[in-house]
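Written below as structure tokens is the structure these notes are about.
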Amino acid sequence: MSNVLELINSLKGPCSCGMCHDTAIKDIVIESGAVNTVGEVLKRNGFPKKLLLVADKDTLKAADGIVESLKDFDIEYKIYDTLRVATMKEVNEVEDLIKDREIGVLSVGTGSINDPCRLAAARQDKLLCIFGTAPSMDGFASYGAPIVDKGFKFSYSAKSPEVIIGDTKILASSPSDLKSAGFGDMIAKYVGLVDWKISSLLTGELYCEKVAKLTRDAVDELVELADKVTVNDEKTAGKIFEALLKTGVGMSFMQNSRPASGAEHIVCHILECKELVDGIIPNYHGHDVGVSTLNLLKYYAKLASIEKISAKYENVDWDDVYAFYGDLADDIKAVNFPENIVDGITPESIEENWDNIRKIIREVPSYEECKEAMRKAGCRLTVDDIGKDRKLFNDCTRYSPFMRKRLTLLRLSGMIGIYPEDAD
Ligand SMILES: [Zn+2]
Ligand SMILES: [Zn+2]
């Protein structure tokens, strides 16, 4: 049994946090040459004889040998030329192919291939196996599926796959740019963990020490390997994949993305929505997320350096916020009214908890340490590196906290009176 699977099984079930953690994942195989054993693994996990293999031309080529390993299966194919953005069109296409029949789904690729499969398989209640071709983001084991519909990206509740397979040889030889993106998606967890803990402190949101530790350990282990990320090294590639799986499982365990995403992910989500409206193909998720992470780590460090603050009630110019969101204004209104995530937070509660907030920020590695690790891992580091307009990036950062009913430290910037731009 793989180490990750053992770890997952040890955390499953009733927990001291009050939840009963569960995931659909039954089997995880991460090894060299795993591509040749896919058929065997599917069989032992009860997959039906009929199988829909979904891939794009590049990912199918990367998974050379997979078709041969499936000789006992009756395979149907849905092969895209190339798929960079997952939309509802692909979800519907996959769904139509598996509707009302006894068939399993084998998704070969990364996010944009896997996400439509995860949503379609969830809706049609089919067994799903993900064969990861590059360790580029943490959505492999996650329960949610980010899908673009009518120009907007939305995270749908889908399902974790029953089986996840990664061939370390294939993962290691995937483009180094994708591996660096995976690293960027992982380093982001430091901000996510800070936001989650601060929210539990101020709003009483459910926080699980064990799941937070699962994420924390995974990032820490990966940071140790930073200088090996871009090289073709099977052990490191396997480790990155494992780390990405662990945080995905953490999200499944909590039934939300708290353990793996904080303010930095919301910033990038808006950036992507804005770019989609303009017909721009977004960067690999992890690149934008990494840069946003650094930006926020710097801001949070600035906050942590301040010994005493005087907070005030939130006072938002909503018309200004709605103007920024344009067509999404109604959705933003629904997120913030009639109930608002900061309703229960008084200036006094922020002031009283300030020492704790500073302590929580300092529990994760510093901005400088993270930047150095990212530099070693070949990550993009600046807003220029990811090809964004600085004003747009800053605006997305400033307005992002109103997009979710979820407290982040960034959301408190108005109450504290210190903004990310002040950290520059
Ligand atoms: Zn728990
Ligand atoms: Zn992510």
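Any read-out appearing in this document is the output of simple, stated calculations on the displayed coordinates, not a laboratory observation. Nothing here was measured: the structure is a model prediction, and the numbers come from that model. We place every Cβ from the backbone using ideal geometry, glycine too, and count neighbours over all the protein chains shown.
Structural remarks
- For Gly378, distant residues with modelled amide H under 5 Å away: none
- Rg and Dmax [Cα atoms of the stretch 115-218; Å; Rg one decimal, Dmax integer]: 15.8, 45
- Peptides 223-231, 131-139, 312-320, 292-300 ordered by average Cβ neighbours within 10 Å, highest first: 131-139, 292-300, 223-231, 312-320
- Histogrammed with a bin width of 5 Å, the alpha carbon distances of the stretch 213-262 distribute as 5, 23, 28, 19, 14, 8, 3 percent, first bin at zero.
- Against the main long axis of the alpha-carbon atoms of the chain, helix 285-304 sits at an angle near 30°.
- Debye log10 I(q)/I(0) at q = 0.11, 0.12 Å⁻¹ for the chain, Cα point scatterers: -0.80, -0.96
- Fully extended contour minus Cα-Cα distance, from Tyr419 to Asp331, at 0.36 nm per residue: 29.2 nm
- Rounded to the nearest 20 debye, the dipole size of the stretch 336-424 about its Cα centre is 460 debye, using +1 on the Cβ of Lys and Arg and -1 on the Cβ of Asp and Glu.
- Per-residue Cβ neighbour counts within 10 Å put Cys370, Cys273, Cys268 in the sequence Cys273, Cys370, Cys268, beginning with the fewest.
- Over the chain, relative contact order from alpha-carbon pairs under 8 Å, at least 6 apart, %: 16
- Coarse-grained scattering of the stretch 317-360 at q = 0.21, 0.23, 0.27 Å⁻¹, given as base-10 log I(q)/I(0) from a Debye sum over alpha-carbon atoms: -0.74, -0.77, -0.87
- The alpha carbon radius of gyration of the stretch 17-95, expressed as a multiple of 2.2 N^0.38 Å, is 1.32.
- Ordered by the number of other Cβ atoms lying within 10 Å of each residue's own Cβ, fewest first, Cys20, Cys129, Cys208 fall into the sequence Cys20, Cys208, Cys129.
- Size of electric dipole in the chain: Cβ of Lys, Arg +1 and of Asp, Glu -1, about Cα centre, debye, nearest 20: 600
- Overall, the stretch 3-174 carries a charge dipole of about 220 debye about its Cα centre when +1 sits on the Cβ of Lys and Arg and -1 on the Cβ of Asp and Glu, all other atoms neutral.
- Backbone geometry of the stretch 204-215 corresponds, through the Karplus equation with coefficients 6.51, -1.76 and 1.60 at θ = phi - 60°, to 3J(HN,Hα) couplings of x, 4, 4, 10, 10, 4, 5, 5, 4, 5, 4, 5 Hz, x marking Gly and Pro.
- Taking only the Cα atoms of the stretch 77-156, the radius of gyration and Dmax are 11.6, 33 Å.
- Normalised by 2.2 N^0.38 Å, where N is the number of residues, the C-alpha radius of gyration of the stretch 314-424 stands at 1.24.
- Gain in span if fully extended, Lys71 to Asn340, counting 0.36 nm per residue against the direct Cα distance: 91.3 nm
- On full extension, the segment bounded by Glu221 and Lys50 gains 57.7 nm, given 0.36 nm per residue less the C-alpha separation.
- Burial ranking of peptide ranges 87-96, 282-291 (average Cβ count within 10 Å, highest at the top): 282-291, 87-96
- From most to least packed by mean Cβ count within 10 Å, the peptides 354-363, 53-62, 375-384 give 53-62, 375-384, 354-363.
- Each semi-axis of the equivalent ellipsoid for the stretch 15-150 is √(5λ) with λ an eigenvalue of the Cα gyration tensor; in descending order they amount to 21, 19, 16 Å.
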